[in-house]
Amino acid sequence: MKNENNSVVIFNARIIGIFFLLAFLAYGFGRPLFESINNSEKCLGALLIIANSVMVLFIGILLRKTLKLYNPTVGNIYLFTRIFEALALSTILLQSNISGDLGYFLAMLVLGIGSIPMCLTLLKHKISPPWLAIWGVLGYAVFAFGFLMELFGKEWSSYLLAPGGLWEVTFAIWLIFYRNKNMKK
């Protein structure tokens, strides 16, 4: 949607950006805490994993509001991607054995694949700077490939997740600080 200045408005951009960063931190700290043998750390880790899943879900819901204006199918794909990610990452709470975390690998694979159309929409409709959208497409493609290889027993994801992970942090900062300078929420 364009505002009076003929610039694109991303609804709830700051909130989405904050959720991107907080979800990153919640899972990043929550997962190791959940794997602890200390019960209080395990409980805190579980709460952080649940918080991550809630934020991931809201990223999908909130960003869909903007994406559906340009391509309803992409908006729905992105929402489904985030719903799947939230549910799959939560499956760790049901596991007694942490090794071979299929839920995590599937969540990241679906996130990578499902985020590519979102980044292409950002590019096509000039919702974000072209360099940021192209980085997102490439970063998520590499990211998804790394997690696909994990499903085939190749431990590549840790080497290939940086482009997508760094894109999420950069996109979040862009949403929070740069995107809304001359725009409405």
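Some notes on this structure:
- Basic side chains Lys and Arg get +1 at the Cβ, acidic Asp and Glu get -1 at the Cβ, and with that the dipole of the range 54-181 about its Cα centre reaches some 700 debye.
- Computed 3J(HN,Hα) for the range 18-34, one whole-Hz value per residue from the Karplus formula 6.51 cos²θ - 1.76 cosθ + 1.60 where θ = phi - 60°, is 5, 5, 4, 5, 5, 5, 4, 5, 4, 6, x, 8, x, 4, x, 5, 5, glycine and proline marked x.
- Residues with amide H under 5 Å from that of Asn71, placed H, sequence gap 5 or more: none
- Crossing angle, helix 39-70 versus the chain [Cα axis fit, 0-90 degrees, rounded to tens]: 30 degrees
- Using C-alpha pairs below 8 Å separated by at least 6 residues, the relative contact order for the chain is 24 percent.
- Shown here are the Rg and Dmax of the Cα trace of the range 13-178, at 15.6, 49 Å.
- For the range 13-178, lysine pairs with C-alpha atoms less than 29 angstrom apart, excluding pairs fewer than eight positions apart on the same chain, total 5.
- Ranked packing of 58-65, 114-121, most packed first, by mean Cβ within 10 Å: 114-121, 58-65
No value in this document is a laboratory result; all are computed from the given coordinates. Keep in mind that what you see is a predicted model, and the values were worked out from it rather than measured. Counting neighbours? That spans all protein chains shown, and the Cβs are built from the backbone with ideal geometry, glycine included.
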